[in-house]
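I have placed the structure first, in the form of structure tokens, so that the comments after it can refer back to it.
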């Protein structure tokens, strides 16, 4: 729990339009992206957003498609809020916050169609690629949502998977010497806005999260919305909501540029 | 826990042969049966017994038979004592009471042969019908056992399942446009008797359950016993036990009539 | 927790080179082995080491080999520290102590090659024997490790499994009327040494365990080490460690003789 | 998703169940039907059928969860195994855990939690049959259960989803419209306050479409708000009658 | 069930193991064999082999389970993975949870729980080999473990199952008689009091048959009761001898 | 195991990654990289990558675990799902539970636990990429995390595994050497004290080989000990610089 003094400090600064770490209301923290940090993963990225640190790893395997989508690959997103990352996180299965985060990121990835799932089908109804995105939070200083989303996108953009071919008797054969890119269709970006009193802030740090009334997380693809999640114990007015979406759209453009820069995507 | 005042009230009334809700010792509460309340289930029934409310839903699927009964369908009974139903129920996997209830009802259904499991075999050793009976307790005012048993029976009696046929290459094909009855062989009824002091009461309400010494639950099919469960922390004499069975037999006949009336079974 | 008085008593005696139960530092307690006590198991042994009592049961079934060892049978060791065995054991899944014990015994069995896993392959890549060793602790008076290891070895040495043959269409057929020995390659023995102060004790009883600084468990096969586990909250010097290994080797020879005597192995 | 060309709007502009895009389904509401709970409601919206019950304010177990300055709100959204097409395991799925959280957060802004420090208000939602928009119907039922439990509230919460099918924005999506449509946007607000308490989007919308969808949803919430108030009033009258009969 | 025509009674009226219908299997009893427990017993009834131990009266954890007016009784019936034909997962099955409950309820009426408020008496039963009637053998073992723990009891509890095979009522059913027979009726009583503490039926019986089955079971319980008392006496003598040797 | 003839030592006496048998891999150490923790370290040993963090001494929850005479040490060794060749479920495996225990026991002898009664010192280890000897690298990282958290210690703990490949004893085994080699012997000690705190063997060794292996491991631990001290010193200097810049 945040102290009263710290709370007042945040509120007083905000009243004057400034933030505890010196940022403007709509400023992101410094972002560092390091791709390929995990040799055993097919794709990986470590993202630092200020002091928040998250790693996403992509693992792939051959699986059976779901009966209702026999010609589509499978995308699974999982997030672990590890006790290493915060004194408030406890060991055990993902809690509601970790599950919500994974599901919001999952919807963003899925609806942005970052992956062309149809191209991840090998034999319709029989064999498709299963793409696992595992998010590992290592240090939580606020806005794990956007850091995790960014790490997931960067890991997918830079992943390389073995070439799958069919043997004569229709068995799947993986050639691990050939590494192919995933079929990427676009670069989404996820932006979280916090509401504190009557102010809207981009990329809240942990202390800001603790005093925030509500959050709006929005994922954009090609300047369009593809996932939204309002979070937090208080409400947003319609005007605030619309303002959040407009700010988020602007910052998403910024994040797409950072993502492409950090992953080298689009340069080859 | 029941208050001392309420306990005395129950005991005093019982001493005079009456019950807190005005019933005679061998009277059932008012029973309401509503079948077909769940569109997504193959069969369903909501049963009110006084203020006790339980829903049973029947879902069916095609599965593999057990190795030792290759030519028989599979019946599975599960019960959830939801926290919505009582301030004493907690979220989580079924506790010993819910498990006992499900298993007693399961034995009653199985041993009454309400379903002809052999007729639920499609391809011996390969494909049989799996019949899931899920019991959902919604308000617990005593005798969930009998209300749940009755709901389960009513849901099975009124269930309609797709027609299963075999394709040329021996695959099971389900024609959902044709809805068939389950192969019903008989109508069982389950009756619980509570022992309080030297009195035996039919269909105990919650307050009576809380002061009861022991319970005897008996399921009858065609006037024969097919399942019994003595419950509770105290004992029954041999004479009390036999008296319970005789009362239960009488009430079971009554319940069979109510079941047939409430489900329309036997009328077509 | 052990009382201060008892602790002093143990320490005072040890200072004079003796132990609470009258044994010398390198004496084992009396060992009783009863094989074949479980009719439903393919092999079983009950081992008493002083007042410590453990049962191991061997069950076998046909399973699919692991992809990276398609021509080898599967050995699985599991241990349950039942609440029946000690006031400090609680119901529930195995805790870290039970898991460690099972894994140390597993490594000892595996690395001693007590079983020729290759001979437990029936159809490479398709069907192999799965050998389950389940350890059931019934009374814990110290050194469950060695008692459990001995029970596991004795159960394996005396196990008899059905004869597996292949039908014409390459299905595995089990002939339960013919009972064959498992393919045994050697007889390992596991010895635990406790360090208390500057003393090293063989086969600690429970009170000794409670005051011990550290433990060294070593498994030997043909006089060679095949598994080691240092346990406990304190350290061992290099000299102590080497001394432990030398004592353990000597006692292992003794235990092998006891095992062969108790199981009749090698006599036929 | 695989079959986006599914026809969900007929040539006459009507949806598969005959509704116009801006129409919500019939809603049946019963307040106070579960006697053990402090408050309860049953909501039937088309084939979506929900029971909600409220227990509390009551003591918190385990105690360390209690807060000195306000009540905690706990919420469990749960689906009956038979409520969906394929039997669902009764253990809570990841989806149910997320929905429990967002429903709780949709209700909390409406509750005067400060009035009940050290207590919990437990909200239980059981989906008996699911045919789309279950979280919105759950919020309606839970909001009424809270009110009927006598919990002091800033406002009732109303909820309605917006979908996009064959390019058209529609209200109150059904299961088939969710599965084969392009968008599901669950939405809840306190209509008397004009404040949004739940807002999710699963699917692609331009900012302009999102704004339009919010307008539609707000209007629908106002309509549902009236139904909620009527149901509470009916319950109140019924209760008063019962009292008068006794007196 | 699939094979009701299985011959379980031979032409000479004897069962597959040579017993007459009204005969129980040989019972071997050892009292006090698990040194850590406050009381314990081992029961071998044919090939059914059971260890039972009692810990208590002792402090309750977690404490909120303790009762101010009596001891709580906790019971865990558990099968070793190797005790049955197919290896059983050691995690408690639904069957084991139900049996733990009915065994607890079969023992509780015999215990003067009022004498030990705020405590728990924990009963642990381990099935080492299962060949039918394990819950009855468990009750015998647990009852002796309670007595040997010095827990004050109204009476010992004795138990015996009744089956129906090839139309004939039989005592003390084996695994094969349970699987291929028509009925399993586990039964326990306090023979000295004539009171029933466990009564279950799985199978079809007329009321008259049930009455007859209760008579048979009661008689068998009386027989087992004598064996229980002998085993306790033997233990007592043995203990006294040990003391005398020391003194 | 199936393929013991795998060539792990090349004709020139070098291993697959070019090392001599007595050589350890390059170690990169960063101390204090996780800001929320009281102490933390990152260790990269070849492709094995580990984060460790220490929280504490802090209050124990649940409280009944606290000890009146010393701190408890809790340790969780955990592998990221993507850290190994086949994706690993994030739920703790039996292997992770055992390793958490032996790592805790490898660290505990070095900590002055008596100084912090009623508290817990929690050690969290995350394996980000596994290429052999992860428990040894975890001990290095955790030992540095403890030191950087300011926990008073008797000594740092250093760790190194010994393997046997193609009949030759080697230091610091990689994943492929573990899988296809004959022996894995994880080992940890307090080099300044000459005391062993972790010692495991998985594979066949004569007593003489074991003695030789201990010697090799001890020497390697001394080498790693120096690296540990340098990393701590570097962190200390860095911290002082930061302070001086501010002042």
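Derivation of every value follows stated rules applied to the coordinates shown; laboratory data play no part. From a predicted model like this one, the values you see are computed outputs, not experimental measurements. Backbone-built Cβ (ideal geometry, glycine too); neighbour counts: all protein chains shown.
Annotations for the structure displayed:
- Cα long-axis angle, helix D:134-148 against chain D (0 to 90 degrees, to the nearest 10): 20
- Reduced Cα scattering model of the range B:8-263, Debye log10 I(q)/I(0), q = 0.11, 0.16 Å⁻¹: -0.60, -1.15
- Ranked E:148, A:3, criterion: other C-beta atoms within 10 Å, fewest first: A:3, E:148
- Tensor-based shape of the range B:142-268 (alpha-carbon gyration tensor, a/c under 1.5 rounded, otherwise prolate or oblate): prolate
- Percentage relative contact order, chain F, counting C-alpha pairs under 8 Å, at least six apart: 21
- Across the identical copies, how the residue D:215 labels are spaced - nm, sorted shortest first, 7 Å along Cα→Cβ: 8.7, 8.7
- In nanometres and ascending order, the distances from the residue E:59 label point to those of the other copies are 2.2, 2.2 (point 7 Å from Cα along Cα→Cβ).
- When the alpha carbon gyration tensor of the range D:137-194 is reduced to an equivalent ellipsoid, the three semi-axes, largest first, read 29, 12, 5 Å.
- Normalised radius of gyration (Cα atoms, divided by 2.2 N^0.38 Å) for the range A:51-118: 1.34.
- Note on the range B:1-101: Cα Rg divided by 2.2 N^0.38 Å, N the number of residues, gives 1.52.
- Kirkwood hydrodynamic radius over Cα pairs of the range F:157-247, then Stokes diffusion coefficient at 25 °C and 0.890 mPa s, in µm²/s: 169
- The angle separating the long axis of helix B:96-112 from the principal Cα axis of greatest extent in chain B is about 60 degrees.
- For the range D:1-130: rounded, prolate or oblate by the Cα gyration tensor [a/c cutoff 1.5]: prolate
- Using alpha carbons only, the radius of gyration of the range E:2-246 set against its Kirkwood radius gives Rg/Rh = 0.99.
- Counted over the range C:79-163 with a bin width of 10 Å, the fraction of Cα pairs per bin, in whole percents, is 16, 43, 27, 13, 2.
- Tail fraction, Cα-Cα pairs, the range B:214-257, threshold 14 Å, whole percent: 47
- Ellipsoid fit via the Cα gyration tensor, the range E:56-101: semi-axes of 30, 10, 9 Å, each the root of five times an eigenvalue, largest first.
- Range of Cα positions in the range E:85-170 per principal axis (Å), largest first: 47, 33, 20
- Shielding by partners for peptide C:41-54, expressed as the average number of C-beta atoms from other protein chains within 10 Å of each residue's C-beta, is 2.
- Placing a label point 7 Å from Cα along the Cα-to-Cβ axis, residue B:90 is separated from the same position in the other copies by 1.3, 1.3 nm, shortest listed first.
- Projecting the alpha carbon convex hull of the range F:198-247 along each direction and taking the average yields 4.5 nm².
- Nearest-to-axis residue in chain D, judged by Cβ distance to the rotation axis that brings D onto E and given in whole Å, is D:62, 6.
- Using alpha carbons only: equivalent-ellipsoid semi-axes of the protein assembly as shown, gyration tensor based, whole Å: 50, 50, 33
- Diffusion coefficient of the range C:172-226 by Stokes-Einstein, Kirkwood radius over Cα pairs, 4 °C, 1.567 mPa s: 90 µm²/s.
- Of the peptides F:134-143, F:55-64, the order by per-residue mean of other Cβ atoms within 10 Å, starting with the highest, comes out as F:134-143, F:55-64.
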